[in-house]
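Notes follow once the structure below has been shown.
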Amino acid sequence: YYRKGFGLGREVQQALESDYAGDVVNLLREGDNHLSIGEVSVTLAKEFGFCYGVERAVEYAYQTRRKFPDRRLFLVGEIIHNPHVNANLRQMGIEMLEPLPNAADGEVRFDYSAVRQEDVVILPAFGVTIADFTALRGHGCVLVDTTCGSVLNVWKRVEGYARDAYTAVIHGKHYHEETKATASQVMKYPGGRYLVVFNMEEARGVCDYIEQGGDAEALSRRFQGRHSPGFDFTRDLERVGIANQTTMLSGESLAIAEEFRRSMERRHGSGAVAEHFRTFDTICSATQERQDAVVALLREPLDVMVVVGGYNSSNTTHLAALVETHGVPVYHIEDASCVDAATGTIRHQPVGQKQEVEVTGWLGAAQRIGVTAGASTPNNKVGETIARIAATAGLDRELSVLLAS
């Protein structure tokens, strides 16, 4: 069982740079994240792209391949939510285990029957559930754990809640790998309880029940599949501890925590809040830094903003949502292929939707363009996007001159 790599960082560094570095991003960094291309200015958020946890996870996967060149390598799901990174790992011969369809919540969601004792299995940056971990340990295979330290910090908090008989209320997406893994940590303790809320609206519904009571069966149906087995909305909301999926919007997580605190104060009185309520801000620093950088960038006048990253990347979708709240036109794209310079079209996933749409003339006469990327997006994909934007504006030659100078 390995959690700290194999000391092969230098050996894989060239491969990592070849696969993920980008000349266009380097050019912007030389200009303090700003680049003028003809009459168009492109500004890159101060913090964007690969965070430390993602860099570590991807590097460990490369180290694992280097360490075990002749063994079969498996990865539990995706190492991070970026299609290009995962495609690179497949090309390296790392087989990705897919979740089983219709698997019961809380049970092992992957088929490990093909895994043999001599095989190597990589655990993703999101972590895995206790059931998955136990199943893999039962196979006796080598495990390489790339779980992000920020995720481990959340696990520590919810374990503390469960140990002290507080229900863990987790602000997150119940279907997300990280949230499932976090919820499973609660169940290590007898009587451990958890409830997952997605947004303030859902949190407010739970808080109303805490303060006023109501129809517990209706609330249970509303949160079906998002709470621990046998959850009792009367018994299990007496004492709650707040945690969150690390990639959620920080402001919303903090607001939800405050909403629960106020409800406990109204229900039990200000003097008893500490007996019924706990909270820790478990948004990871990288997620917070990228959100703060977007807010700072939006203080400048921008005509349009492009957010680059996987559509299933939680932190990336939240960056796009953050831009939208500031009234700036935003396009969340998976990669540069979504930008067609020849036709002037862009394929993007609108905020709050799950399907791509295509828009013509999206760039128009925009001259002040902001760009950012989620924590799982490599620099080369950011640079390719900026190059496509320049080409759409008819400035690809100008960009080529800047790169050559």
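The values are calculated or read from the model by the stated rules, or taken from the named source; none is laboratory data. Small disclaimer: the values here were computed from a predicted structure and weren't measured. Here the Cβ positions follow ideal geometry from the backbone for every residue, glycine too, while neighbour counts run over all protein chains shown. Ligands, DNA and RNA are excluded from the accessible area calculation, which covers all protein heavy atoms including side chains. Shrake-Rupley method; radii C 1.70, N 1.55, O 1.52, S 1.80 Å.
List of remarks:
- Tallying residues that are open to solvent by 50 Å² or more (accessible area, probe 1.4 Å), outside any loop (DSSP other than H, G, I, E, B), of a type in the set (A, V, I, L, M) and under 25 Å from SER36 (Cα atoms) within the range 354-371 yields 0.
- Positions within the range 246-288 being of a type in the set (Asp, Glu), assigned to a helix (DSSP H, G or I) and modelled with pLDDT under 95, in sequence order: GLU252
- Taken over the range 69-86, the criterion of being open to solvent by less than 20 Å² (accessible area, probe 1.4 Å) and more than 18 Å from LYS381 (Cα to Cα) is satisfied by LEU73, PHE74, LEU75, VAL76, GLY77.
Residue by residue, here is whether (1) part of a helix (DSSP H, G or I); (2) farther than 25 Å from PHE198 by Cβ; (3) open to solvent by 30 Å² or more (accessible area, probe 1.4 Å) holds:
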| position | (1), (2), (3) |
| --- | --- |
| GLU300 | no, yes, yes |
| VAL307 | no, no, no |
| ASN315 | yes, no, no |
| VAL328 | no, no, no |
| HIS332 | no, no, no |
| THR343 | no, yes, yes |
| ILE346 | no, yes, no |
| GLY352 | no, no, yes |
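- Residues being over 26 Å from ASN82 (Cα atoms) and without any contact (Cβ under 8 Å) to a residue 12 or more places away in the chain - total across the range 112-133: 1
- Check on ASP23, out of contact with any helix residue (DSSP H, G or I) (no Cβ under 8 Å at 6 or more places or on another chain) and open to solvent by 70 Å² or more (accessible area, probe 1.4 Å): no
- Any hit, the range 30-48, residues being closer than 30 Å to ASP303 by Cβ, crowded, with 23+ Cβ neighbours inside 10 Å, touching a helix residue (DSSP H, G or I) at 6+ places or on another chain (Cβ under 7 Å) and of a type outside the set (A, V, I, L, M): yes
- Residue list for the range 183-202, restricted to those being part of a helix (DSSP H, G or I), closer than 18 Å to SER253 by Cα and touching a Ser or Thr at 6+ places or on another chain (Cβ under 9 Å): ALA183
- Criterion (out of contact with any Asp or Glu (no Cβ under 8 Å at 6 or more places or on another chain) and either open to solvent by less than 60 Å² (accessible area, probe 1.4 Å) or part of a helix (DSSP H, G or I) (or both)) met by exactly one of ARG66, ARG90: ARG90
- Unique match (being closer than 24 Å to TYR175 by Cα and in contact with a His (Cβ under 8 Å, 6 or more places away or on another chain)) among ARG226, ARG222: ARG226
- Residues of the range 8-47 satisfying the condition of being of a type in the set (Gly, Ala, Ser) and without any contact (Cβ under 8 Å) to a residue 24 or more places away in the chain: SER18, GLY31, SER36
- Of all residues in the range 123-157 being small (Gly, Ala, Ser) and touching a helix residue (DSSP H, G or I) at 6+ places or on another chain (Cβ under 9 Å), the one that is surrounded by the most Cβ atoms within 10 Å (Cβ to Cβ): ALA125
- Test result for LYS188, among the basic types (Lys, Arg) and open to solvent by less than 40 Å² (accessible area, probe 1.4 Å): no
- Single residue of the range 158-184 satisfying the filter (at pLDDT 95 or above and aromatic (Phe, Trp, Tyr)) that is surrounded by the most Cβ atoms within 10 Å (Cβ to Cβ): TYR161
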